[in-house]
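In what follows, a single structure is set out as structure tokens and then discussed.
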Amino acid sequence: MTEHAKSVTIIMIEDDEGHARLIEKNIRRAGVNNEILPFTNGTDGLAYLFGPDGSGEVSTGRSLLILLDLNLPDMTGIEILEKVKRNPHTKRTPVVVLTTTDDAREIQRCYDLGANVYITKPVNYESFAHAIRQLGLFFSVMQVPETT
């Protein structure tokens, strides 16, 4: 990372506390020390991303990475993905979909909407931990595009 590169803040929108802990543990195990801001629903996650006025301007200049579950209590991850990618201030923010849904049409829809990576959470926790560790390595070398 160059001196001028900003540290990436990881926004985790995940309502399952067990999954959230496992995701964070494996990100840390992979040597990624970035700040992780957890949100348990889409409303709070979007409020952070779009700010009090809802314009998204607060995210201009922020280096963010969004980890997004599709199955949330208040809205779908698809709705969140659509809003993030439609907003001029957040459209370049990388989004990693982490979900138990492995429906091929749903996966294709996420990519069509602009998701950068789609990872299916296996029910087997060891496999899931491995997938997250691999993702952790991806985070550690990832450069987030400047949002201007």
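The values are calculated or read from the model by the stated rules, or taken from the named source; none is laboratory data. Treat the numbers as computed from the prediction; the structure is a model and nothing was measured. Positions of Cβ are backbone-derived with ideal geometry, glycine not excepted, and every protein chain shown enters the neighbour counts. The accessibility values were calculated without ligands, DNA or RNA, using every heavy atom of the protein model including side chains. Shrake-Rupley method; radii C 1.70, N 1.55, O 1.52, S 1.80 Å.
Within the range 1-25, if we keep just the residues that are modelled with pLDDT of 90 or more, in contact with a strand residue (DSSP E or B) (Cβ under 8 Å, 6 or more places away or on another chain) and in a loop (DSSP other than H, G, I, E, B), the residue that is most open to solvent (accessible area, probe 1.4 Å) turns out to be Asp15.
For Leu46, the criteria (1) assigned to a loop (DSSP other than H, G, I, E, B); (2) open to solvent by less than 20 Å² (accessible area, probe 1.4 Å) hold in every case but one, which is (1). For Gly51, state whether it is open to solvent by 10 Å² or more (accessible area, probe 1.4 Å) and small (Gly, Ala, Ser). Taking the combined requirement at face value, the residue satisfies it. Looking across Arg105, Arg86, Arg62, one residue alone is open to solvent by 30 Å² or more (accessible area, probe 1.4 Å) and closer than 19 Å to Ser7 by Cβ. It is Arg62. Residues of the range 108-122 that are closer than 30 Å to Val58 by Cβ, surrounded by fewer than 21 Cβ atoms within 10 Å (Cβ to Cβ) and out of contact with any helix residue (DSSP H, G or I) (no Cβ under 6 Å at 6 or more places or on another chain): Arg109, Tyr111, Asp112, Asn116, Val117.
Among the residues of the range 64-79 satisfying the criterion of being under 16 Å from Ile107 (Cβ atoms) and part of a helix (DSSP H, G or I), which is nearest to the chain's Cα centre (by Cα)? Here the residue is Gly77.
Considering (1) in contact with a Phe, Trp or Tyr (Cβ under 6 Å, 6 or more places away or on another chain); (2) open to solvent by less than 30 Å² (accessible area, probe 1.4 Å); (3) of a type in the set (Val, Ile, Thr); (4) in a helix (DSSP H, G or I), the lone condition that Val97 does not fulfil carries the number (4). Taken over the range 65-83, the criterion of being of a type outside the set (A, V, I, L, M, F, W, C) and either over 21 Å from Phe128 (Cα atoms) or buried (at least 17 other Cβ atoms within 10 Å of the Cβ) (or both) is satisfied by Asp69, Pro73, Asp74, Thr76, Gly77, Glu79, Glu82, Lys83. In the range 26-43, the residue that is modelled with the highest pLDDT out of those that are part of a helix (DSSP H, G or I) and buried (at least 17 other Cβ atoms within 10 Å of the Cβ) is Gly42.
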